[in-house]
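The values are calculated or read from the model by the stated rules, or taken from the named source; none is laboratory data. Everything quoted here is computed from the prediction, not taken from an experiment. Using ideal geometry, Cβ is built from the backbone for each residue, glycine included, and neighbour counts are taken over all protein chains shown.
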Ligand code: SF4
């Protein structure tokens, strides 16, 4: 009998379509069992692994524990990815012989009191496009993955704080999550209005005290402020009248969006020259004058101003994709606490809502790189895969400086303005 039950994001479908994108971008950390198993497989040049090619790269180990990841080919692909875009381990020995991280991707498991919340990584295009079998139908397989990676003491995990210094028990924390999901689920208004409501709700939570409020009374309070936030932003809210983001806010945002656009991989240049190039990019993004530096191959250098003019209505399916993105992250506890740099719930909401302008800024850049002035569905899909690659995973996004930028944007009231600005 398992020691936890699973909370699945029932709105999501997924099956692997063998596009090999994950094998080209993620660092795959291997357990001791994975490493021993792969070593027993005895890979040779006859299998397509060049003579002398290491299979693993050692990380850490100076003062702390060392661990290993799969090595990469010079173009950043996994050492086991073949010329057809297929996994050599899977092809030769079958799926169970692959490292556990490859088998569970794109699923992610996070503590949620007596349950474990399941989320998905939207760096996989099939997740973004909702392609494949319903996650609910895959409960048995997901359960098997969870049994292998979820620690036995998962139910002892502390809930995330609500705001700094304010920590409630799991049942109360999950009341916040439920109301938050309800705000994103309201299908009477576009996703942009739902984001404005969510930001208003999070701002009210930030100003409230919860030391004398719990249980059903807390639930009622959260619903009351959700209703007030929903009434403040209706379908006919004049988005065009929302003020543009402040100059400081735009500069902080560009730096952040540029970092999201970078999609660092293990093929990234980590030399001194590479670091200086990153510094020059950061300066250009902060200044916002001249051309946006092409941070990866899919982008062309274009004028900053080209990303700031209106791009017209979003493609018809963008609302569904973005709504599902936000709901899966919320339901899967993939936006605060353990899954997101240990940040409190309100800060996690701010970071999550910022994904809307980040995705649209990247999508605009992809479209402009292609000479277009309006967005297509593929721009949104690609932008979500690029941005979510980093969100919650890149160590840079959990640093003091990055978190300070998120807080500054919230304090300046610029997150809602950025959503409205890039949503037009
Ligand atoms: S990115 Fe998704 S669809 Fe593509 S190979 Fe990886 S898991 Fe499969």
**Message:** Checking the structure you have, find out if any residue of the range 183-199 is crowded, with 17+ Cβ neighbours inside 10 Å and more than 30 Å from residue 241 (Cβ to Cβ).
**Reply:** no
**Asked** Where in the range 350-424 are the helices (runs of 4 or more DSSP H), entirely inside, with at least 2 residues that are within 21 Å of residue 233 (Cα to Cα)?
**Response** 400-411, 414-422
**Request:** Kindly indicate which of 76, 83 is within 16 Å of the ligand (Cβ to nearest atom), surrounded by fewer than 19 Cβ atoms within 10 Å (Cβ to Cβ), in a loop (DSSP other than H, G, I, E, B) and at negative phi.
**Result:** 83
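Just to verify a result, which residue in the range 86-105, among those that are assigned to a helix (DSSP H, G or I) and free of Cβ contacts under 8 Å to residues at least 24 places away in the same chain, is nearest to the ligand (Cβ to nearest atom)?
Here is the first cut: in the range 86-105, the residues assigned to a helix (DSSP H, G or I) are 88-93, 95-97, 100-104.
Next cut, free of Cβ contacts under 8 Å to residues at least 24 places away in the same chain only: 90-91, 95-96.
Working: 90: 10, 91: 13, 95: 12, 96: 16 Å.
Within the range 86-105, the match that is nearest to the ligand (Cβ to nearest atom) is 90.
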**Request:** Only residues in the range 223-237 that are closer than 14 Å to residue 204 by Cα count as the first member; pair them with residues that are in a loop (DSSP other than H, G, I, E, B), Cβ under 7 angstrom, at least 6 apart or cross-chain, and list the lot.
**Result:** 230/186
**Request:** Pairs only if they're at least six apart or on different chains, beta carbon under 7 angstrom, first in the range 287-303 and assigned by TED's automatic domain parsing to the domain that holds residue 257, second modelled with pLDDT of 85 or more and assigned to a loop (DSSP other than H, G, I, E, B); list them, first residue then second.
**Result:** 291/301; 292/301; 293/301; 294/300; 294/301
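Which one of 346, 381, 358 is surrounded by 17 or more Cβ atoms within 10 Å (Cβ to Cβ), in contact with a strand residue (DSSP E or B) (Cβ under 9 Å, 6 or more places away or on another chain) and at pLDDT 95 or above?
One residue alone meets the criteria, 346.
Every residue, every condition in (1) under 21 Å from residue 7 (Cα atoms); (2) in contact (Cβ under 8 Å) with a residue 40 or more places away in the chain; (3) within 16 Å of the ligand (Cβ to nearest atom), yes or no:
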| site | (1), (2), (3) |
| --- | --- |
| 118 | yes, yes, yes |
| 129 | no, yes, yes |
| 137 | yes, no, no |
| 150 | yes, yes, no |
| 160 | yes, yes, no |
| 165 | no, no, no |
| 183 | yes, yes, no |
| 197 | no, no, no |
**Message:** Would you confirm whether or not the range 58-67 contains a residue that is touching a residue at least 12 places away in the same chain (Cβ under 8 Å), more than 16 Å from the ligand (Cβ to nearest atom) and surrounded by 13 or more Cβ atoms within 10 Å (Cβ to Cβ)?
**Reply:** yes
**Request:** Spot the failing condition for residue 280; the list is (1) exposed (fewer than 12 other Cβ atoms within 10 Å of the Cβ); (2) in contact with a strand residue (DSSP E or B) (Cβ under 6 Å, 6 or more places away or on another chain), and only one is missed.
**Result:** (2)
**Asked** Restricting to the range 1-45, what's the tally of residues that are within 16 Å of the ligand (Cβ to nearest atom) and either farther than 28 Å from residue 332 by Cα or outside the structural domain of residue 134 (by TED's automatic domain parsing) (or both)?
**Response** 0
**Prompt:** From the list 3, 26, 110, which residue is buried (at least 19 other Cβ atoms within 10 Å of the Cβ), at pLDDT below 90 and either closer than 30 Å to residue 169 by Cα or under 28 Å from the mean Cα position of the chain (by Cα) (or both)?
**Reply:** 26
**Message:** Tell me yes or no: at least one residue of the range 128-136 is closer than 30 Å to residue 417 by Cβ and assigned by TED's automatic domain parsing to the domain that holds residue 415.
**Reply:** no
**Prompt:** part of a helix (DSSP H, G or I) and more than 14 Å from the chain's Cα centre (by Cα) - does that describe any residue in the range 319-333?
**Reply:** yes
**Complete:** Within the range 226-250, the residues that are within 30 Å of residue 287 (Cα to Cα) and assigned to a loop (DSSP other than H, G, I, E, B) are 242, 243, 244, 245, 246
**Message:** Just to be sure I understand, how many residues within the range 148-176 are within 14 Å of residue 111 (Cα to Cα), surrounded by fewer than 15 Cβ atoms within 10 Å (Cβ to Cβ) and modelled with pLDDT under 95?
**Reply:** 4
